[in-house]
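Comments concern the structure below.
The values are calculated or read from the model by the stated rules, or taken from the named source; none is laboratory data. What you are looking at is a predicted structure, and each value in this text was computed from that prediction instead of being measured. Backbone-built Cβ (ideal geometry, glycine too); neighbour counts: all protein chains shown.
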Amino acid sequence: MLEFIEVKNNSAYAKIALNGAQVFHYERVGEKSLLWLSEISDFKEGKSIRGGIPICWPWFGKPQDKTLQHGFARTLKWTHISTDEIDSNTTQVILKLQHSQESLKLFPYKFELALHVEIGDGLKLKLKTTNLDTKTFEITQALHTYFAVSNIDDVEISGLENKPYLDALIWKNEIQKGVITFDKEVDRVYQKVDNKINIKDKNTTLHVENSGSSSVVVWNPWIDKCQRMSLDKNDMKKEAYKEFVCVESANAFEDFIVLKPDESHTLEAFIY
Ligand code: BG6
């Protein structure tokens, strides 16, 4: 089992693993966890938990290397800096990750990453990247949120109508017509998003607001990819695709971030 931080206040209950600074449980009082977590996920150091909110950094969708396509921040052990009660309804947890010999081999720059997680009636994540190097670097990144749904057939995502997107399955640019529903594999990077996104399930609607980002990734593996992932990675069941949808707050592809020495950038997601 991995080391994790447990937070309980008047509004919610949450769990955050030090491995990857991964929030893997967030439950408001009287509700189920809003985050999906695979029942057969590995909880092993050096491996991302399947579910919750993996942090993809310093790459999102790096096509050159499949094993590192979502970077290494989600598999390294972060340092717990503090847990503070802001008031009886809100708790803030801060975790940090700095460059190491291991990271410098993959990404040859000195950096600091700080994740602020605010657990209240909503869940707020702020991921701040600071360039501690003498050279400029570029990053792409994502807060890769797995939302738990009662059944993918009932899910409808709004807020992305008329937005341009890259269909990552056929590598083609398209324009979103109407709301998004699911009856096949979906792997899309929406661009120029500066508004609220709504995830409507059978009886509930969740909202996501992002800042420091203009890309939103919507992903559901559907039947075949879920079966393949279940066999190859052995951390999700064959039918798991029915239970989640990923709506990821991202800086991806053309929406990459350039940081000069001493500069910082914050990617923020607010889920409520
Ligand atoms: C999504 C990508 O963000 O993450 C998919 O769009 C990918 O293409 C998925 O399959 C899961 O990636 P991983 O590395 O966690 O298995």
Open item on the list: Looking at Trp36, Trp57, can you tell me which residue is of a type outside the set (Asp, Glu), over 26 Å from Thr205 (Cβ atoms) and under 13 Å from the mean Cα position of the chain (by Cα)?
Closed with: Trp57
Open item on the list: Only one of Ile152, Ile119, Ile94 is touching an Asp or Glu at 6+ places or on another chain (Cβ under 9 Å), among the β-branched types (Val, Ile, Thr) and farther than 24 Å from Asp187 by Cβ. Can you tell me which?
Closed with: Ile94
Task: Within region 112-138, considering residues that are over 14 Å from the mean Cα position of the chain (by Cα) and β-branched (Val, Ile, Thr), the one surrounded by the most Cβ atoms within 10 Å (Cβ to Cβ) - done: Ile119
Open item on the list: Looking only at strands (runs of 3 or more DSSP E) that lie completely in region 167-272, which have at least 1 residues being among the aliphatic types (A, V, I, L, M) and in contact (Cβ under 8 Å) with a residue 60 or more places away in the chain?
Closed with: 186-190, 205-211, 215-220, 244-251, 257-259, 264-271
Open item on the list: For region 1-20, give me the residue count where each residue is of a type in the set (Gly, Ala, Ser), closer than 23 Å to Ile40 by Cβ and in contact with a Ser or Thr (Cβ under 9 Å, 6 or more places away or on another chain).
Closed with: 2
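Is it the case that Gly30 is at positive phi, within 16 Å of the ligand (Cβ to nearest atom) and out of contact with any helix residue (DSSP H, G or I) (no Cβ under 7 Å at 6 or more places or on another chain)? Step through it out loud before you land on a result.
Numbers: at positive phi: yes; within 16 Å of the ligand (Cβ to nearest atom): no; out of contact with any helix residue (DSSP H, G or I) (no Cβ under 7 Å at 6 or more places or on another chain): yes.
Against the criterion (at positive phi, within 16 Å of the ligand (Cβ to nearest atom) and out of contact with any helix residue (DSSP H, G or I) (no Cβ under 7 Å at 6 or more places or on another chain)), Gly30 does not qualify.
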- [ ] Considering (1) at pLDDT 95 or above; (2) away from the ligand (no atom under 13 Å from the Cβ), say which one Val245 fails and leave the rest.
- [x] (2)
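Between Ile175, Ile170, Ile180, Ile152, which is more than 28 Å from Leu115 (Cα to Cα) and touching a helix residue (DSSP H, G or I) at 6+ places or on another chain (Cβ under 8 Å)?
Only one candidate passes the filter, namely Ile152.
Take the residues in region 42-58 that are within 11 Å of the ligand (Cβ to nearest atom) and part of a loop (DSSP other than H, G, I, E, B), then tell me which one is farthest from Ser230 (Cα to Cα).
Going through region 42-58, the residues within 11 Å of the ligand (Cβ to nearest atom) turn out to be 47-51, 54, 56.
Going one step further and asking which of them are part of a loop (DSSP other than H, G, I, E, B), we end up with 47-50, 54.
Values: Lys47: 15, Ser48: 15, Ile49: 14, Arg50: 11, Pro54: 18 Å.
If we take residues in region 42-58 being within 11 Å of the ligand (Cβ to nearest atom) and part of a loop (DSSP other than H, G, I, E, B), then Pro54 is farthest from Ser230 (Cα to Cα).
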